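Read through the structure below, which is laid out as structure tokens, and then see the notes.
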Amino acid sequence: MPHAKIAGIGCYVPERVVTNHDLTAFIETSDEWIQERTGIKERRYAKKHEETTTTMGARAARIAIERAGITAEDVDFIIFATLSPDYYFPGCGVLLQRELGVTHCEAGTLDIRNQCSGFLYALSVGNQFVRGGVYKNVLVVGAEMHSMGLDFSTRGRNVSVIFGDGAGAVVLQPTEEPGQGILTTHLHSNGTEAEQLAVIGPGSHGGYYGNREEYNFPESEFGDIFVYDGFEATGAHFPNMNGQLVFKTAVVKFPEVIMEALNKTGYQPSDIDMLIPHQANLRISQFVQKTLGLSDEKIFNNIQKYGNTTAASVPIALCEAWETGKIKAGDLVCLAAFGSGFTWGSALIRW
Ligand code: UT7
């Protein structure tokens, strides 16, 4: 059975730089607080009405496709991970297909809704399709346009200051080279904490989970469960996060799922040449680094420049690490993510 290898990789971040200081115009916050708690100095925001999650994904995808030595027409299957899609439905997969001009209908598309670990889930699914011989060129994209959906008031400050926009993409192809490509992937979830990092409304639950009054859901008999009425007051339509719980769980689950991948393949933390953690918080990454005993050269962080780009963070970091020569042929690269759901995952790749 072949392995899947990353044949091409690309990333894109919007031009507009938003510093911590810029945010102080809307939010009661400070550069000092944000840097100290998260490591973030600045993030990028897309040009509203000119860019979307899909168009950013397309920019990253075009680079990945070119580097894989194929054309968009060669793409057999698209997997798109995002929590900030252009439309409620259809998902970004078909929009990306249109944007790239993949006109043949044989190319299927799949949308992944696993937030911060979305790219790991997408990669894992793509890996299975390639390994099983179903597809030869699978395009895996993680992209987010958070800036359209954040609470830019002091109420949302624990969330809004950490998120940024961007996109990353890879093309997966089969390889018969023994020991090359994606060696293993591991996915997990725990739905008991679903609301701890979530956009609660609008949605079909209409308060089913006991939060009708808390979030001021409309009471009408028919047809208005998707209406935003009332959410303005409660902020239910913005991301809400129990930051401390997410932080405490992340620092346990990251090392756990990385060790799972290493144990499965017979490696140890010291065998890792480059760890690419989901860029959630620099303090989380540093904690994971310390737990695994990795030197500074063996972990890649760019949250300082881009903030947390959720499904895009792992492919953007992987792309930058590769572009700057920090990942070389033959390196053992570990990807890991944790976030909303809760969902988490890891992948081990021989580059
Ligand atoms: O990628 C998805 C997964 N997400 C994560 O992994 C995020 C994990 N969590 C975190 O990174 C941290 O919890 C945060 C950075 C989000 C928050 O840091 P924290 O140290 O947990 O702060 P906190 O929420 O406990 O808030 C501490 C204080 C509060 O004030 P009081 O009650 O002590 O007076 C907050 O109101 O900091 C205040 N605060 C802020 N102050 C200035 C919260 N956000 C801000 C802000 N600026 N942006």
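The values are calculated or read from the model by the stated rules, or taken from the named source; none is laboratory data. Because the structure is predicted, anything quoted here is derived from the model rather than measured. Reconstructed Cβ throughout: ideal geometry from the backbone, glycine too, with neighbour counts over all protein chains shown.
Of a type in the set (D, E, K, R), assigned by TED's automatic domain parsing to the domain that holds His146 and either within 21 Å of Thr309 (Cα to Cα) or at pLDDT 95 or above (or both): which single residue out of Glu66, Glu106 fits that description? After ruling out the rest, the residue left standing is Glu66. Note on the range 305-351: residues that are farther than 22 Å from Gly126 by Cβ and within 14 Å of the ligand (Cβ to nearest atom) amount to 4. Return yes when Ala169 is away from the ligand (no atom under 16 Å from the Cβ), within 23 Å of Leu282 (Cα to Cα) and part of a strand (DSSP E or B) and no when it is not. In short, yes. Suppose we keep only residues that are free of Cβ contacts under 8 Å to residues at least 60 places away in the same chain and of a type in the set (Asp, Glu) within the range 266-303. Which one would you say is farthest from Val246 (Cα to Cα)? For the range 266-303, the residue satisfying everything is Glu297.
For the criterion of being touching a helix residue (DSSP H, G or I) at 6+ places or on another chain (Cβ under 9 Å), in a helix (DSSP H, G or I) and at pLDDT 95 or above, Val252 fails.
Can you find even one residue in the range 26-40 that is within 16 Å of the ligand (Cβ to nearest atom), under 30 Å from Leu348 (Cβ atoms) and hydrophobic (A, V, I, L, M, F, W, C)? Taking every residue of the range 26-40 in turn, at least one turns out to be within 16 Å of the ligand (Cβ to nearest atom), under 30 Å from Leu348 (Cβ atoms) and hydrophobic (A, V, I, L, M, F, W, C).
If you filter the range 240-299 down to residues that are among the charged types (D, E, K, R) and within 16 Å of the ligand (Cβ to nearest atom), you find that the one that is farthest from Phe152 (Cα to Cα) is Glu256.
The residue that is nearest to the chain's Cα centre (by Cα), among those in the range 211-237 that are assigned to a loop (DSSP other than H, G, I, E, B) and modelled with pLDDT of 75 or more, is His237.
Close Cβ contacts (under 6 Å, 6 or more residues apart or on different chains) running from residues in the range 228-251 that are under 13 Å from Asp151 (Cβ atoms) to residues that are outside any loop (DSSP other than H, G, I, E, B) and within 14 Å of the ligand (Cβ to nearest atom) comprise Gly235/Arg155; Phe238/Gly156; Pro239/Val159; Met241/Val159; Met241/Leu197.
A single member of Gly201, Gly168, Gly164 is in contact with a helix residue (DSSP H, G or I) (Cβ under 6 Å, 6 or more places away or on another chain), surrounded by 16 or more Cβ atoms within 10 Å (Cβ to Cβ) and modelled with pLDDT under 95, and it is Gly201.
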